[in-house]
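Report on the following structure.
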Amino acid sequence: MLDNREAGPTALRMQIGTRLRRLREDRGLSRAEAGEAIHGSASKMSRLELGRHGFKVRDVLDLLTLYGVDDEDERASFVELVEEARKPGWWQSYSDVVPNWFEQYLGLEQSATTIRCYEVQYIPGLLQTRDYARAVIGLEYHDAAYEGFERRLEVRMRRQEILHRPTGAATLWAVIDEAALRRPIGGPDTMRGQIEHLIAVSEGMHNVKLQVLPFSAGGHLALGGPITIVRFAEHDLEDVIYLEQLTGARYPEGEEAFRYQRIMDLLAIRAARPTRTASLLKGLLRDF
């Protein structure tokens with residue numbers, strides 16, 4: 001069973017959904033049939049089983065009844081997890097500046113034990129300095145109300161705390177395209193500060209593995225945009241693939257998800273070894 005003292009609400013929802021899916025499959029029921037028991041649809045059941053929708057205690061109890069789970073202790077454990085998963089995460093207090101589609105990802109990120117990512121446009125958000133993040137947010141929200149600017153910056157900086165937890169710090173494995181490192185976001189001083197930060201991270205943080213994908217590596221399959229893969233401590237939870245777009249995000253599943261896993265593996269192979277990262281970054285630093 002998931003230790004709800006350590007997991008975030010998103011991971012809790014995912015495990016509840018996984019356990020309910022297995023119970024449904026054991027009974028040979030379709031999502032549509034299960035959905036009828038809670039006056040919902042097959043698509044609602046899909047969202048519930050993937051942990052992308054909050055649970056109601058009544059719905060969970062009705063599903064457990066449908067699945068033949070009548071043991072009171074087991075039913076009580078589900079209720080306890082549902083109630084714990086309904087507690088808001090810190091990011092939900094920023095709903096005025098965080099769109100719904102990104103709030104969902106924040107929940108995944110904050111529950112993760114390992115995050116793998118590839119970035120071609122910007123430095124990954126978990127590694128951005130405050131000055132660099134300020135410049136990026138200024139580009140991303142150039143037409144938004146100024147009042148929300150500092151709160152967006154707070155969110156980006158607070159996200160990074162997962163890498164610095166005294167216990168249970170997340171592991172980050174980032175592949176950064178040389179294009180992102182050479183793009184002068186915020187001006188020369190901002191870029192120098194950002195690259196110096198990446199050098200310090202690559203040399204001093206044991207839970208961060210940083211690789212540079214140089215131009216000399218040529219073309220590759222991930223030219224279309226960033227890729228993030230989130231992994232959780234709970235072994236019964238599958239990795240989540242996150243593809244961020246301009247005004248939304250996608251979460252590939254099945255064979256498509258496997259393809260992105262393979263692309264990330266290939267990027268790590270083609271990128272320069274982590275032991276070369278600091279020297280490559282120091283070479284780039286001279287250009288700013």
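The values are calculated or read from the model by the stated rules, or taken from the named source; none is laboratory data. Here the structure is a predicted model, which is why all the values come from computation and not from measurement. Quick reminder, even Gly has a Cβ in these numbers, built from the backbone with ideal geometry, and neighbours come from all protein chains shown. Remember, those area values only see protein heavy atoms, side chains included, never the ligands or the DNA or RNA. Shrake-Rupley method; radii C 1.70, N 1.55, O 1.52, S 1.80 Å.
Things worth noting here:
- All other residues whose Cβ lies under 14 angstrom from that of residue 283 are scored, Lys and Arg at +1 and Asp and Glu at -1, for a net of +2.
- Across the chain, Cα pairs under 8 Å and at least six residues apart give a relative contact order of 19 percent.
- Helix-only arithmetic for the chain: the sum of -39500 (n - 2.57) across DSSP H runs with n ≥ 4, divided by the residue total, places the mean residue ellipticity at 222 nm at -15000 deg cm²/dmol.
- Per residue, the solvent-accessible area of the stretch 110-254 (1.4 Å probe, heavy atoms of protein chains only, all protein chains present) comes to 47 Å².
- Å² per residue, accessible surface of the stretch 41-107 at 1.4 Å: 50
- The length gained by stretching the chain between residue 179 and residue 27 to full extension, at 0.36 nm per residue less their Cα-Cα distance, is 49.6 nm.
- Tilt relative to the chain, helix 188-204 - C-alpha long axis, 0 to 90 degrees, to 10: 60
- Hypothetical label at residue 276: residues of the stretch 175-214 whose amide nitrogen lies under 13 Å (7 Å Cα-Cβ projection): 178, 211-214
- With contacts taken as Cα pairs under 8 Å at a separation of at least 6 residues, the stretch 1-136 carries a relative contact order of 29 percent.
- Charge dipole of the stretch 124-192 about the Cα centre (unit charges at C-beta), most positive-ward option of 187, 132, 166: 166
- With a Förster radius of 30 Å applied to the C-beta separation of residue 285 and residue 151, the computed FRET efficiency comes to 0.45.
- Computed E for residue 65/residue 238 - FRET, C-beta separation, R0 30 angstrom, nearest 0.05: 0.65
- Partner lysines for residue 282 [C-alpha distance under 28 Å; skip if fewer than 8 residues away on the same chain]: 209
- Within-14-Å neighbourhood charge of residue 196 [Cβ basis; K, R +1; D, E -1]: 0
- Computed from Cα atoms, the angle from the helix 72-85 axis to the main principal axis of the chain rounds to 30 degrees.
- Stretchable slack from residue 141 to residue 84, in nm (0.36 nm times residue separation minus alpha-carbon distance): 17.1 nm
- Carbon + sulfur, % of accessible area of the chain - ligands and nucleic acids excluded, 1.4 Å: 49
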